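S.K.: Below is a structure I'd like to ask you about.
A short reminder: the numbers here are calculations on the coordinates, not readings from a lab. Values in this document were obtained by computation on a predicted structure and should not be read as measured data. Positions of Cβ are generated from backbone atoms using ideal geometry, with glycine treated the same way; all protein chains shown enter the neighbour counts.
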Amino acid sequence: MATRGHALRRIRRRTRRVLSYWRAESGTLRQGAVALSLSTLAGFVAGFALASIAGTLEDLPGLIILIPAAVGVRGAISGAMGARLGTSTHAGTFEVTWDRTGVLAQNVRAGTVLTLGSSVYVAGLAKVSAIAFGLDSISLVDLITISVAGSSLGSGITMIVTVWMAVTSYRRGYDLDAVATPMVTAVGDMVTIPALFAATFITRIDRLNAAVALVGVVVAIAAVARSFVDVPAVRRMLLEMVPVIMLTPVLDILAGTLLQSQLDHFVAYPVFLMLLPPFVSQAGALGGILSSRLSSKLRLGVLTPTGVPEQPALIDAAVVSTLAAGVFALIGFVAYALSPLRHLATPGAGTTIAVALTAGLLTLPLTLVIGYYLAVVTFRFGLDPDNHGVPVVTSTMDLAGVVCLLLAMTLWGVT
C-alpha cells in the first residue's frame, strides 16, 4: 500500500508540474496561435500570387525551380536572425541601438551579406538542377537577374519586419521565439514571390538584364570579401550560416524541381498552387518555433542536450502539435473559401481540406524530430542553434512539405 501511495503522489506531482507549465505557457500559446493565424493569412497572399502567375511559370521554365529556394533562403536568413534576437532578449543582451557593436546592426549586416551571396548561388543551383534532371529552363543570366533583383527587394522588406518585431517584442514583453518565425516566413513568402515575378520583366530587356546580372555577381563577391574584416560577432554569424546557406537551398531546389516535374497537376487544380506557400511556410514555421524555444532553453541551462527529450522539450512539442492541428485545418478551409475569388478549380471542399490536413499530419512528426535534434546536435558541437535550427528546419520542411502535399493529393485521388 505504501508503494502504491508513493506512486500516486509521484503521479500527482508530475501532473501538477505539467499543468503548471501549461499555465505558464498559456501566453506563449496564445501569442503563437495569433502569429500562426496571421502568418497563414499572409501566406495566402503569396499563394494568390503564385496561382496568378501559373501562365508565367509555364512560359518561363525553371522559374518554379528557383522560387522555393529564393523564398526559403529569405525565410532562413531572417528566421535565424529572429531566433538570434529572441535569444538575446532572453539573455538580457538585446538593446534598441544601431551601434556597430549592437546586436541589431550586426544581424542586419550579416543578413545583407548572406542575401546577396545566396541570390547568385541559388540561381546557379536552379540551372544545374534543370540540366541534371533534363528539364527545360531559361538562361543562367535570366535566373541570376530574377534571383538578385527579386530576392534583394523581398529580403529588405523581410529584415525590416524582423527588426520591427524584435523591437516591439522587447518593449512589450512578448516571446519573440513564439512569434518571429511564423511571421517572418510568411512575410518572406508574401513579398518575395511578387518581387520575383516583378523581376521577370527585367529579363525582357536584354542589355538591362545582362547589366543587372553582372552587377549582382560583382556586388555579391564584394560583400562576401568585405565580411572578412567585419566585427567578430558578424564574422561568427557568417561562418556558421554559410555552410547552412550552402546546403539547405539544395533541398529547396529539389522541391522546386519536383514541382516543375508535376506542374501540370497544380495547373489543373490551382487551388493547391495557392495553398502551397502557406502550407510549406507554416510547416517550417512550426519547426522554427520548436527549434527557437529549445535553443533558448539550451542556452539558459533549462534544458540539457540529451538523446531522449526531457519533459520541457516534450511539452514544447505538445504545444507545437496543438498549434499544428489548428493551422493545417485553417489552411485547407481558407484555400477552398478563397478559391472562388480567383475562379480557381478545386476538387471540392472536403477533398481540399482533407488534403491539407493529411499533408500536415504527415509533416508534423518530421517537424518535431528535426527541430529537437538539430537544436541538440548544434548545441553539443558548440555551435549557435539559432544559426542552424531555423534555416535547416524550414528548408527541410519545404522539401518534405511538397512531398507530403503531393502524397496527400495522390491518397485523396487528386493526382
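S.K.: Please report the projected area of region 27-411's Cα convex hull averaged over all directions, in nm².
M.R.: Its Cα hull, projected and averaged over all orientations, spans 17.6 nm².
S.K.: Using Cα pairs closer than 8 Å and at least 6 residues apart in sequence, work out the relative contact order for the chain, in percent.
M.R.: Once divided by the residue count of the chain, the mean separation gives 25 percent.
S.K.: Please compute the Kirkwood hydrodynamic radius over region 184-246, one decimal place, Å, based on all pairs of different Cα atoms.
M.R.: 14.3
S.K.: Would you mind checking the radius of gyration and Dmax of region 277-328 based on alpha-carbon positions, in Å?
M.R.: Here Rg and the maximum Cα pair distance are 12.0, 36 Å.
S.K.: Based only on Cα atoms, what mean projected area does the convex hull of region 67-144 have, in nm²?
M.R.: 6.1
S.K.: Also: Note down the magnitude of the dipole of region 27-411 about its Cα centre, charges +1 on Lys and Arg C-beta and -1 on Asp and Glu C-beta and zero elsewhere, to the nearest 20 debye.
M.R.: 660
S.K.: Using the charge dipole of the chain (Lys, Arg: +1 at Cβ; Asp, Glu: -1 at Cβ; taken about the Cα centre), state which of Leu258, Ala33, Gln106 has its Cα farthest towards the positive end.
M.R.: Ala33
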